[in-house]
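Input: a single structure, listed below in structure tokens.
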Amino acid sequence: MYDIIIIGAGASGLFSASILQKQKNLKICIIDKNPKIGAKIKVSGGGKCNITNKYLSSNFYLGNQQFIENTFKKFDNNLLLKFLRTNNLIPILNEKIVKGTYFCNSSDDVISFFSKLTKGCDFLLDNEVLDVSYLNDEYIITTNKKRIKSKKLLIATGGLSYPSLGATDIGYKIAQKFGHTIVTLNPALVGFTVQKEQFWFKELSGLSMNVKIKVEDKILEGSLLFTHKGCSGPVILSTSLYWKKGQIVIDFAPSKESYLPKRFKQAIKNIDIDIHNYKFAPAGNFGFTKAEVTKGGVDTEEINEHFESKLQKNLFFIGEVLDVTGELGGYNFQWAFSSSYCCANNILQG
Ligand SMILES: Cc1cc2nc3c(=O)[nH]c(=O)nc-3n(C[C@H](O)[C@H](O)[C@H](O)COP(=O)(O)OP(=O)(O)OC[C@H]3O[C@@H](n4cnc5c(N)ncnc54)[C@H](O)[C@@H]3O)c2cc1C
């Protein structure tokens, strides 16, 4: 019988375990479907893990703004950087692509950092959780290989994105089993496919340009990459977070110094477009297999400030499984860490 079982050895599961294991008498077990910990950390930020952002604010997130702000009041980017530096992981500010981003030397450093900090925990890797039930104040967790019990259960199972890295819908299923509402799930931080009228994008495959985009009530600026399927690049990925199936507006020359690349001028020669005010509705997006994150998730209205379910005792939800999703730029790891901190610290204070 464990005191705490954490499902998911990703950013939020590992960070919460690092904090919880400070209390030496707690018996903690982390379960993951993958044979190794931190699969998404490994591939993140092009192998250099964009771990947080200098300009952290709830403005860069989709979700309940007050809930997000309250969480960052307890654990923000500065406290995260301090925690990392104290434990000898030193992220570097690198603003080449997105403003305010902190990258690590290598994602492997982040994974070994967490391996060290979770030494006191048991790991049940290569085990897929299939079901959870609750009987006599105990959680019974059934994997494809085992059945284990625990007093407290932390759901750190992330979203549906990148099934190749272990994503499943188990976190949402467990939430629903205990009466929680799931806000509609959709791929986010993902490229757009285009309609017939925008097929000229495809001719420009490989070209990137600095643009400004209006999507819903947000204005975003950054690099757009034309692809053989439509468009992608940092500013499009963040646009996809706010996009709700309608039109977006692109300014292809947002500053006075903007110059239009030759290939671009050539491609638009025979089409009538307003380069400062180009409106179009994407056909869709590249889907969960390519999306960096999942928007939507467990409704935060039903979660208290310590990330415990308001509906079920000793059940906690942290990280991406919740209905909080950030723009590109280290915001999603920061959310995973901040939510985990609030949850784990409160459990320790008991
Ligand atoms: C390619 C890519 C690059 C990214 N780069 C960045 C970046 O640079 N900066 C940033 O801030 N964010 C980045 N993100 C987003 C970031 O990785 C996630 O938001 C973050 O990892 C969420 O952490 P989490 O712990 O909540 O979930 P995850 O990291 O997804 O961890 C969930 C874990 O649960 C396990 N799991 C799921 N279902 C089961 C089950 N049934 N049984 C057992 N285990 C299960 C999974 O195997 C996984 O290990 C990137 C995402 C991708 C896909």
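In segment 256-279, is there at least one residue being of a type in the set (D, E, K, R), touching a residue at least 40 places away in the same chain (Cβ under 8 Å) and closer than 30 Å to GLY350 by Cα? No, segment 256-279 contains no residue that is of a type in the set (D, E, K, R), touching a residue at least 40 places away in the same chain (Cβ under 8 Å) and closer than 30 Å to GLY350 by Cα.
The condition of being in the same structural domain as ASN64 (by TED's automatic domain parsing) and part of a loop (DSSP other than H, G, I, E, B) does not hold for SER205.
The residue that is surrounded by the most Cβ atoms within 10 Å (Cβ to Cβ), among those in segment 182-224 that are within 15 Å of ASP251 (Cα to Cα) and hydroxyl-bearing (Ser, Thr, Tyr), is SER208.
Among residues of segment 304-350 being in a strand (DSSP E or B) and either touching a residue at least 60 places away in the same chain (Cβ under 8 Å) or near the ligand (Cβ under 8 Å from one of its atoms) (or both), the one that is surrounded by the fewest Cβ atoms within 10 Å (Cβ to Cβ) is SER309.
Which residues, taken from segment 152-178, are small (Gly, Ala, Ser) and crowded, with 22+ Cβ neighbours inside 10 Å? If you could, list the steps in order and put the result at the bottom.
Residues of segment 152-178 that are small (Gly, Ala, Ser), as a first pass: 156, 158-159, 161, 164, 166-167, 171, 175.
Selection gives ALA156, GLY158, GLY159, SER161, ALA167, GLY171, ALA175.
When LYS149, LYS145 are checked against the criterion of being within 14 Å of the ligand (Cβ to nearest atom) and either part of a strand (DSSP E or B) or surrounded by fewer than 22 Cβ atoms within 10 Å (Cβ to Cβ) (or both), LYS145 stands alone in meeting it.
Taking the conditions exactly as written (within 11 Å of the ligand (Cβ to nearest atom), on the phi > 0 side of the Ramachandran plot and assigned to a loop (DSSP other than H, G, I, E, B)), does GLY287 satisfy them or not? So GLY287 fails the test. Taking (1) among the hydrophobic types (A, V, I, L, M, F, W, C); (2) surrounded by fewer than 18 Cβ atoms within 10 Å (Cβ to Cβ); (3) within 14 Å of the ligand (Cβ to nearest atom); (4) within 23 Å of GLU308 (Cβ to Cβ) in turn, ILE140 satisfies each apart from (3).
The residues on offer are LYS256, LYS212, and the sole one that is modelled with pLDDT of 95 or more and outside the structural domain of ASN59 (by TED's automatic domain parsing) is LYS212.
Going by the conditions given, is LYS27 touching a residue at least 60 places away in the same chain (Cβ under 8 Å) and not hydrophobic (A, V, I, L, M, F, W, C)? Even if it seems obvious, please write down each step before you answer.
Working: touching a residue at least 60 places away in the same chain (Cβ under 8 Å): yes; not hydrophobic (A, V, I, L, M, F, W, C): yes.
Answer is yes for this residue.
The values are calculated or read from the model by the stated rules, or taken from the named source; none is laboratory data. Not measured: the values here are computed from a predicted model. Note that each Cβ is placed from the backbone with ideal geometry, even for glycine, and that neighbours are counted across all protein chains shown.
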